[in-house]
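J.: Quick one: the structure is below, questions incoming.
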């Protein structure tokens, strides 16, 4: 029977390679079985490095950019809506003056 490691043991193994090698761990630093197990636990290799605290997460950056983009789009829609509303109000004023 294989000696299967826990998530924390794999994270520590990633950190240990980083300390010893002075660089981010590569898949080639581990056996094929370990790489498959790490990827099975954490997803793509960069996510495993992020989970080990060796690489900054780009997900937070992406979420912030997406939130800012959604906010700008919402403000643009509100501005367009208010400008259309102003034009309609002016037309109503014009028609009221014409009918009097």
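J.: Would a scan of the stretch 69-80 turn up a residue that is at pLDDT below 85 and farther than 30 Å from residue 9 by Cβ?
T.: yes
J.: Now for a separate question. For the stretch 1-25, enumerate the residues that are in contact with a helix residue (DSSP H, G or I) (Cβ under 8 Å, 6 or more places away or on another chain), closer than 18 Å to residue 57 by Cα and outside any helix (DSSP H, G or I).
T.: Hits for the stretch 1-25 are 24, 25.
J.: For residue 96, indicate whether it is surrounded by fewer than 10 Cβ atoms within 10 Å (Cβ to Cβ) and either within 30 Å of residue 14 (Cβ to Cβ) or at pLDDT below 65 (or both).
T.: Judged against the criteria, residue 96 is a match.
The values are calculated or read from the model by the stated rules, or taken from the named source; none is laboratory data. Computed from a predicted model, the values in this text were never measured in an experiment. Quick reminder, even Gly has a Cβ in these numbers, built from the backbone with ideal geometry, and neighbours come from all protein chains shown.
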